[in-house]
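Written out below as structure tokens is the structure these notes cover.
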There are 2 protein chains.
Amino acid sequence: MVLGRTGKSETWFTEYQTDSLSLGLRIHSVLQSKTTGFQELLVVETETYGRLLALDGAVQTTARDEYVYHEMITHVPLFMLDAPKKVAVIGGGDGGAIREILKHPTVEEAHLVEIDAEVVDTARQYFPEISVALGDPRAHVHYADGIEWVKNARDLDVIIVDSTDPVGAAQGLFQAQFYQTIAGALTQDGILVAQSESPFLHQDLIRQMRDGMRTAFSEVRLYCAAIPTYPSGFWSFLMASNHPTAPSARTMGTNIETRYWTPDLQTAAFVLPRFVEELMA
Amino acid sequence: MVLGRTGKSETWFTEYQTDSLSLGLRIHSVLQSKTTGFQELLVVETETYGRLLALDGAVQTTARDEYVYHEMITHVPLFMLDAPKKVAVIGGGDGGAIREILKHPTVEEAHLVEIDAEVVDTARQYFPEISVALGDPRAHVHYADGIEWVKNARDLDVIIVDSTDPVGAAQGLFQAQFYQTIAGALTQDGILVAQSESPFLHQDLIRQMRDGMRTAFSEVRLYCAAIPTYPSGFWSFLMASNHPTAPSARTMGTNIETRYWTPDLQTAAFVLPRFVEELMA
């Protein structure tokens with residue numbers, strides 16, 4: 001980019017997180033901007049958060065804060081189990097969730113079910129540190145509709161719904177019917193985790209997802225993490241199962257390397273602010 | 001404001017949180033915009049977060065998320081003590097911290113030490129629900145320089161540094177010398193809490209404050225809360241004392257009304273993400 005009179009690029013990426021709320025990031029370059037069969041895909045280099053992937057204008061991941069989301073959507077459910085073997089990620093084409101899942105030595109199969117192959121291609125090209133584990137022999141990439149794929153899946157220990165926001169193609173990933181299908185694809189002790197947006201901004205959606213999960217699961221819990229590039233900076237995850245969950249004994253002694261998740265956060269992430277507790281009542 | 005072609009106001013408030021990162025909020029009206037003896041003061045009505053107070057362009061408080069900051073900067077230190085009686089707030093001219101402090105029935109004196117009387121006047125006029133407790137007979141408002149005021153203060157159970165960002169007049173509130181003065185104004189069991197900015201964006205400052213507090217206190221701990229209108233949405237507070245702190249027995253049975261703080265968060269707020277733990281190492 002040409003530099004302005006301040007000696008800085010004068011080009012910004014702006015996400016309208018709602019129609020009255022925006023996040024602006026100064027960028028150095030646009031690395032990719034294309035229309036795939038499913039969405040608008042943009043890769044820019046930002047000053048504050050490094051390389052950034054946006055889909056339909058919404059930040060999906062950045063090089064500098066991606067670890068929060070990817071660690072928290074994976075390690076929390078996986079550490080509830082003594083020996084997770086078979087895990088699937090619906091969405092999550094950047095590969096970050098797969099990278100974290102494969103840090104668990106018991107995992108034999110990590111399936112990535114991404115509808116848009118161009119997201120995976122882009123991650124491989126522009127986010128090698130995020131997509132790094134997609135070449136692992138335990139990783140299986142399926143370019144498919146997550147809803148259809150889950151219908152034929154069985155015996156999964158963990159299913160992670162790493163979706164975009166609930167608009168367009170992703171809407172079905174937030175419905176009760178999908179959670180019922182997921183329940184059929186999990187083992188008896190299996191766990192579903194889905195990203196469930198911001199407790200400050202998306203309370204109706206969280207209640208809808210909570211109610212949908214309750215049609216298929218006896219236990220539905222919510223936990224949170226701080227993600228600066230997502231709307232409000234505070235994000236939630238709904239976890240559903242048909243048995244009470246508690247951290248596995250292997251949690252405390254783990255040598256898995258993380259930058260956000262810790263053994264103590266495995267429990268503390270479920271300790272919610274009162275207004276979020278009330279969302280789950 | 002005149003409405004644009006979308007039927008919405010086309011006027012926005014934009015905070016440049018760093019020179020490469022901005023938060024934009026659609027506004028309905030500008031209620032006050034003036035230069036005080038100390039700073040630029042702005043009150044606007046936003047669509048997303050209601051009424052907003054900015055000083056020198058930085059969001060200080062909004063009607064819809066102020067409870068997070070005000071509850072977490074006060075209840076966490078106060079619930080470490082069995083019977084806090086005398087508390088001071090340095091800065092915090094909106095009165096929100098005083099409102100929360102006075103929910104503790106043992107408190108006899110809550111001192112507000114604000115350098116800029118126009119901030120207090122503005123809070124009284126435009127934020128009645130935040131400044132509501134300033135008329136309480138236990139509340140004492142001092143229009144003074146916090147550093148000078150603390151030099152003559154004694155026997156405080158808790159001192160809360162509710163400052164603006166560390167630029168201009170507020171810089172002295174982030175220095176080791178100020179923390180040493182505070183140590184002299186506290187009781188033996190007294191506690192200092194200071195807002196310490198974002199763990200994502202202001203790591204050097206947090207380390208500097210940590211080191212400054214360690215020159216005057218044996219125990220320095222950090223806790224966090226989610227504040228959507230502050231940079232990165234994730235905020236930290238440093239707590240310092242000359243004795244190990246633990247939640248008072250009155251914490252669990254409290255009937256203090258809150259929207260963010262809970263008895264369980266009193267402990268869980270100190271369980272930090274790994275990268276924040278490392279900041280305190």
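No value in this document is a laboratory result; all are computed from the given coordinates. Note that the structure is a prediction, hence the values are computed from the model and not measured. Neighbour counts are summed over all protein chains in view; Cβ atoms, including those assigned to glycine, are modelled from backbone coordinates with ideal geometry.
How much length is gained if the chain between residue B:33 and residue B:275 is pulled fully straight, taking 0.36 nm per residue apart and subtracting their Cα-Cα distance, in nm to one decimal?
Difference between extended and current length: 83.2 nm.
Where does each of B:258, B:11 land when they are ranked from fewest to most other beta-carbon atoms within 10 angstrom?
Fewest to most other Cβ atoms nearby, the residues stand as B:11, B:258.
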What is the stretch B:211-273's relative contact order, in percent, from Cα pairs under 8 angstrom and six or more apart in sequence? 33 percent
A:218, A:196, A:131 arranged by Cβ crowding within 10 Å, fewest neighbours leading: A:218, A:131, A:196
Put a point 7 Å out from Cα along the line to Cβ at residue A:148; what are the distances to that point in the other copies, in nm, shortest first? 7.5
With viscosity set to 1.002 mPa s at 20 °C, what whole-number translational diffusion coefficient in µm²/s follows for chain B from Stokes-Einstein and a Kirkwood radius over Cα pairs? 112 µm²/s
Need one value for B:24-30: mean number of C-beta atoms belonging to other chains within 10 Å of its residues' C-beta atoms. 3
Under the 7 Å Cα-to-Cβ spin-label approximation, residue A:47 and residue A:106 lie apart by a distance in nanometres of 4.7 nm
Other residues with Cβ under 13 Å from the Cβ of residue B:258 give, with Lys and Arg +1 and Asp and Glu -1, a net charge of -3
Can you list the lysines whose alpha carbon sits under 29 Å from that of residue B:8, skipping same-chain ones fewer than 8 residues off? B:34
Pair residue B:242, residue A:154: separation of 7 Å Cα→Cβ label points (nm): 7.0 nm
Neighbour cut-off at most 16 other Cβ (10 Å), DSSP loop, trypsin sites (Lys or Arg not before Pro), the stretch A:235-281: A:259
What number, in percent, do you get for the relative contact order of the stretch B:170-220 if the mean sequence gap of Cα pairs under 8 Å and at least 6 apart is divided by its residue count? 49 percent
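Summing +1 for each Lys or Arg and -1 for each Asp or Glu, what net charge is found among the other residues whose Cβ lies under 12 Å from the Cβ of residue A:35?
-3
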Expressed as a rounded percentage, what relative contact order does the stretch B:66-279 have, with Cα pairs under 8 Å and six or more residues apart? 21 percent
Only bridges whose two residues both fall in chain B count here: according to DSSP, what percent of them are antiparallel, nearest 5? 65 percent
So for the stretch B:147-281: antiparallel DSSP bridges make up what percent, rounded to the nearest 5? 70 percent
The size of the Cβ-based charge dipole (Lys, Arg +1; Asp, Glu -1) of the stretch A:12-62 about the Cα centre, to the nearest 20 debye, is 160 debye
Identify, for chain A, the residue whose C-beta comes nearest the rotation axis onto chain B, and round that distance to whole Å. A:233, 1
Hey, for a label at residue B:255 modelled as a point 7 Å past Cα toward Cβ, could you say which residues of the stretch B:85-113 have their backbone N under 13 Å away? B:105
Calculated label separations, residue A:29, copies of the chain, 7 Å along the beta-carbon direction, nm: 4.9
Can you list the copy-to-copy distances for residue A:168, using a point 7 angstrom from Cα toward Cβ, in nanometres, shortest first? 4.4
Residue span residue B:211 to residue B:3: 0.36 nm per residue of separation minus Cα-Cα distance leaves a gain in nm of 69.8 nm
Provide A:202, B:140 in ascending order of the number of other Cβ atoms located within 10 Å of each residue's Cβ, fewest first. B:140, A:202
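For a Förster distance of 41 Å, can you work out the FRET efficiency between the beta-carbons of residue B:125 and residue A:64, rounded to the nearest 0.05?
Numbers: r = 41 Å, r/R0 = 1.00.
Computed FRET efficiency for residue B:125 and residue A:64: 0.50.
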Computed magnitude of the charge dipole of the stretch B:68-167 (debye, nearest 20; Cβ of K, R +1, Cβ of D, E -1): 300 debye
Considering only DSSP beta bridges where both residues belong to the protein assembly as shown, give the percentage that are antiparallel (nearest 5). 65 percent
